[in-house]
Amino acid sequence: MSPNLGRRQGGVQRVSCVSCCVTSDSPVPPWAACPSDLGKGLRGRCGFCRPETPKVIIGVWPCLPRGPSPVSAHRIPPGPQGTRVKKRTQQNGGWSWGRIPASAQPLAPCDCSGPRFSPCAVGQQPSSAPSPRVPREVAPDMEEKEASKKKKSKGLATMFSVFTKRRKKKGQPSLAETEGESESSLQPPAQLPTVEELKADLERGRLEAARPLLALELELQEAAAAGRASAEELVRRQSKVEALYALLRDQVLGPLRRPLEAEPERLRQALAVLAEQERQDRATAAAAGPPGCPGLAATRPRGWLQLWRDGVAQAAAERLSQQPAADAEGLTEAERAFLHMGRTMKEDLEAVVERLKPLFPADFRVVATYAESYHGEFASQLAALAQFELCPRDTYMLLLWVQNLYPNDILNSPKLAPELQGVRLGPLLPPTQIQLLEARFLSNEVATVRKLMARALELESKHWTKDEAPQRLDGRCHSELAIDIIQIISQGQAKAESITLDLGTQIKPLLLEELARFLRSYQRAFDGFLERCRQLRNYRANVIANINNCLPFRTSVEQQWQTPPDLRSSLLSPLNELKSHGFDTLLQSLFGDLKPLFKRFTQTRWAAPQQTLEEIVSAVAERMPEFSELQDCFREELLEAVHLHLVKEYIARLCKRRLVLQTAEQQQQLAGHVQANAQLIQQFCTQNGSPATWLQDALPTLAEIIRLQDPSAIKIEVASYANLYPDFSKGHLSAILAIKGNLSSSDAKSIRSILDINTGAHEPSKALFSLIKVGYVFLCIDLLRSAWRAWGTTPCRARQTSTSVTAPRGPSRGPAFCCCFCPGLAEEWAPEPLELEQLCPDDPSCGAGAVGGSSVDESAACTP
């Protein structure tokens, strides 16, 4: 069957180019035929020449126009003598070469290139040309027509492939390939869907309808600007467009309200639509002139981005307002609310950083948006809570979240801190309200600490009065009171510091003042126990336990709490008093047992001082195990007190003035006894742990003063002694010098004057001589009698006085002279050294005595 290459119309045969479908009204030229059987019987119409849908012809020729004139809009480079083409002649059906004249060439180059044939944009249009609109009702007929043509073309191609498969060149596509390329390269012109179709797509959740909807909106604006529609038509069409936008808005903002629950692909589509709408809003805002078009209501900017932000804020409010879980036992309602909000905010923001930030556009500031929304909701709920009268526990928790947990554990967490560096969130509460809450917290905490410490002391006092034995810890009597009090103070300090360090600094002096008040109460309670509970079986053990309590208190004050000097003194003073009273109680019975032994020194006229002192040391050694349950530091202090008592009592016996030695040998003998006794006391106390090294020179120096006979040498020793013991007074010196019966009153006065130089030069670090009271002396009978004769008075019964001489009336109505003077006055008036010690008529052990050769009249010593 011969191919039909043309048809006649009005006497002119129309010839169609089998390569580019260009049709010319001219006789059929011999070179117009297809060089192969591929295009025989096929014809097409170029889209630039006819309104019908063009037919794509695939061949092996380059894209060249056929015919004597340039009837095609395709562009190829013109040749100087024409274009040399390969054609098939009609005579022999073979192949030959021919040329197309240059006058027949188009004036512009073609878009095609390469040896293979391309459709030369057949079915396509230049970008400047309007797209052809095909009515929707015509589309089905066209599709059926196209389908029938494709089937026919496929059949011919199959037949042709049988004859030409041997002649196929390398690189030349097969028929199936060329057909596939033609079908894929030609697409029907883009058409705007109808309103009903867009509505159906949006109701099915297809966000691809957003772009056609935007094009429909732009077309409506163009129609309104060009005046191609009436006002009623514009209003009707705009209402439909806005209804579609309402559907699209719900489909877009729906996934964005719960982005963590949406699929990532769905979220990306919604974000793309939102970003496109935001760009359109900005473009509309940046356009000059009034918003909107004539006849249309202004709908831009739509503000979907702000609607998304509002949705985030609403979602944050819903999340933080949820009822907290009831699994947290022991927490108040406010504490559970704080815990729920903090945990929810931190988890949600971390999820936004990990999962949403990679999907959202950077200009959306998704992390900052969520952080600001959650922060605002958190602050609003805290502000509402702060308006109520909170209990101390809730006040502390509120401040803890506002000042510490929220800024440090949430905003500055490792995952959120880098993302929130540029976000300014501000404080959760105003500064003035925070200050009020801090003042309330300080008041509540101080009251709580005071109440807890009072309760602890009350419980401890009940243990004392019930005669309950204290605990033993490492062989020491132990009480939990000190530990409880220190923990109460430390916990109050730690609670304040957990809010802010500045608040911890503010509460510290307040807590220490409460501690000082408690220690004074503790001392008073302990003193009451010492007075009222002596008969209890565990009395001494509880005394030791309370003395041991002073150690942790003192350690905390001196090392842990940095306190000013005045406050430290107020803290340590009650502890020292408590310890001193406890020592006195423990040592009272021991010192009572030692008193008759010390009296033996004077009763035996210092005849056997070494033996007496050994008995004293043995009595002390027997009682030492009673103090083993004291802490080591307090045991040493107690042994120091024993050491001090031994030295003090020994000096007091030397100062009794019962001993007057007239010769140097007697004085040297007494000095030797004192020196030996001093060595024994020092050795015993040091071996038992006494740290009182400052007492080691007390007795040996006095022995040296007794031994020396030269007044100048005595002055040197006295001056040195006064430097060691600044509380060594003239009264004590006079009592020691009274032992030296061969010392004149002028020399004694000169020696005493040495103390005038050193008086007030040193403050006593530890008391020794201030603990020794020098008694009043009785003047010798001869001195009294001479005084009576000189003053014409009668003697009266001796009476002690401290500062002056009293002269009551005697039996003869004359002034009566008191025979008891202050030692200083008596020594100043006495023409000779005193030879009598104080004799108390009420003391049964009072007696006069002398060591080897003293001239004391014992019978008249206590004469009234």
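The values are calculated or read from the model by the stated rules, or taken from the named source; none is laboratory data. Keep in mind the model is a prediction, meaning the values are calculated, not measured. With ideal geometry, Cβ positions are generated from the backbone for all residues, glycine too; neighbour counts draw on all protein chains shown. In case anyone asks, the SASA skips ligands and DNA or RNA and just uses the protein heavy atoms, side chains included. Shrake-Rupley method; radii C 1.70, N 1.55, O 1.52, S 1.80 Å.
Within region 743-763, can you find the residues that are acidic (D, E) and modelled with pLDDT under 90?
Within region 743-763, D756, E763 qualify.
Filter region 215-254 down to the residues that are open to solvent by less than 20 Å² (accessible area, probe 1.4 Å) and under 21 Å from R204 (Cβ atoms) and list them by number.
If the condition is that a residue be open to solvent by less than 20 Å² (accessible area, probe 1.4 Å) and under 21 Å from R204 (Cβ atoms), then E217, V241, L244, Y245, L248, V252, L253 are the ones that fit.
Any residue that is of a type outside the set (D, E, K, R), under 30 Å from Q238 (Cβ atoms) and crowded, with 16+ Cβ neighbours inside 10 Å - is there at least one of those in region 323-341?
There is no residue in region 323-341 that is of a type outside the set (D, E, K, R), under 30 Å from Q238 (Cβ atoms) and crowded, with 16+ Cβ neighbours inside 10 Å.
Within the set of pairs 6 or more residues apart or between chains, which connect a residue that is closer than 13 Å to Q251 by Cβ inside region 190-209 to a residue that is of a type in the set (G, A, S) and part of a helix (DSSP H, G or I) with Cβ atoms less than 6 Å apart?
Pairs found: L198/A209; D201/A209; L202/A209.
What is the one condition in (1) more than 54 Å from the chain's Cα centre (by Cα); (2) more than 18 Å from K766 (Cα to Cα); (3) of a type outside the set (G, A, S) that D697 does not satisfy?
(2)
Which of the residues that make up region 570-591 are surrounded by 13 or more Cβ atoms within 10 Å (Cβ to Cβ) and among the hydroxyl-bearing types (S, T, Y)?
S570, S573, S580, T585, listed by residue number.
Determine which single condition A456 fails, assuming it passes every other condition in (1) in a loop (DSSP other than H, G, I, E, B); (2) aliphatic (A, V, I, L, M); (3) touching a helix residue (DSSP H, G or I) at 6+ places or on another chain (Cβ under 6 Å).
Failed condition: (1).
Show the residue pairs meeting these rules: Cβ distance below 7 Å; 6+ apart or different chains; first residue within region 233-256 and over 15 Å from Q221 (Cβ atoms) and in contact (Cβ under 8 Å) with a residue 24 or more places away in the chain; second residue open to solvent by 50 Å² or more (accessible area, probe 1.4 Å) and among the polar types (S, T, N, Q).
From residues that are over 15 Å from Q221 (Cβ atoms) and in contact (Cβ under 8 Å) with a residue 24 or more places away in the chain, there are no pairs.
Of everything in region 730-748, what is out of contact with any Lys or Arg (no Cβ under 9 Å at 6 or more places or on another chain) and free of Cβ contacts under 8 Å to residues at least 24 places away in the same chain? Give them in sequence order.
S746, the sole residue that qualifies.
Taking region 487-510, which residues are closer than 21 Å to E460 by Cα and surrounded by fewer than 18 Cβ atoms within 10 Å (Cβ to Cβ)?
The answer is Q487, S490, Q491.
Within region 311-342, track down each residue that is within 20 Å of P392 (Cβ to Cβ), under 23 Å from the mean Cα position of the chain (by Cα), in a helix (DSSP H, G or I) and not aliphatic (A, V, I, L, M).
Matches in region 311-342: E335, R336, F338.
Residues are listed down the side, and each one gets a yes or a no for (1) of a type outside the set (D, E); (2) at pLDDT 85 or above; (3) touching a Leu at 6+ places or on another chain (Cβ under 7 Å); (4) assigned to a helix (DSSP H, G or I):
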| site | (1), (2), (3), (4) |
| --- | --- |
| F163 | yes, no, no, yes |
| K170 | yes, no, no, no |
| E179 | no, no, no, yes |
| L192 | yes, no, yes, no |
| K199 | yes, yes, yes, yes |
| E208 | no, yes, no, yes |
| A229 | yes, no, no, no |
| E233 | no, yes, no, yes |
| Q238 | yes, yes, yes, yes |
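Sort through R424, R472, R450, R440 and tell me the only one that's part of a strand (DSSP E or B) and not hydrophobic (A, V, I, L, M, F, W, C).
R472
Every residue in region 374-405 that is open to solvent by 50 Å² or more (accessible area, probe 1.4 Å), without any contact (Cβ under 8 Å) to a residue 60 or more places away in the chain, polar (S, T, N, Q) and not in a loop (DSSP other than H, G, I, E, B), please.
S380
Kindly provide the set of residues from region 455-505 that are under 26 Å from the mean Cα position of the chain (by Cα), more than 22 Å from Q523 (Cβ to Cβ) and in contact (Cβ under 8 Å) with a residue 60 or more places away in the chain, ordered by number.
Listed by number, the residues that qualify are K495, S498, I499, T500, L503.
Could you tell me whether region 511-521 includes any residue that is over 30 Å from E445 (Cβ atoms), open to solvent by less than 10 Å² (accessible area, probe 1.4 Å) and in contact with a Leu (Cβ under 9 Å, 6 or more places away or on another chain)?
Within region 511-521, none of the residues are over 30 Å from E445 (Cβ atoms), open to solvent by less than 10 Å² (accessible area, probe 1.4 Å) and in contact with a Leu (Cβ under 9 Å, 6 or more places away or on another chain).
Yes or no: R658 basic (K, R), touching a helix residue (DSSP H, G or I) at 6+ places or on another chain (Cβ under 6 Å) and buried (at least 20 other Cβ atoms within 10 Å of the Cβ)?
yes
Inside region 457-470, can you point out the residues that are loosely packed, with under 13 Cβ neighbours inside 10 Å and either more than 19 Å from E514 (Cα to Cα) or not acidic (D, E) (or both)?
Passing the criteria: L459, K462, K466, A469.
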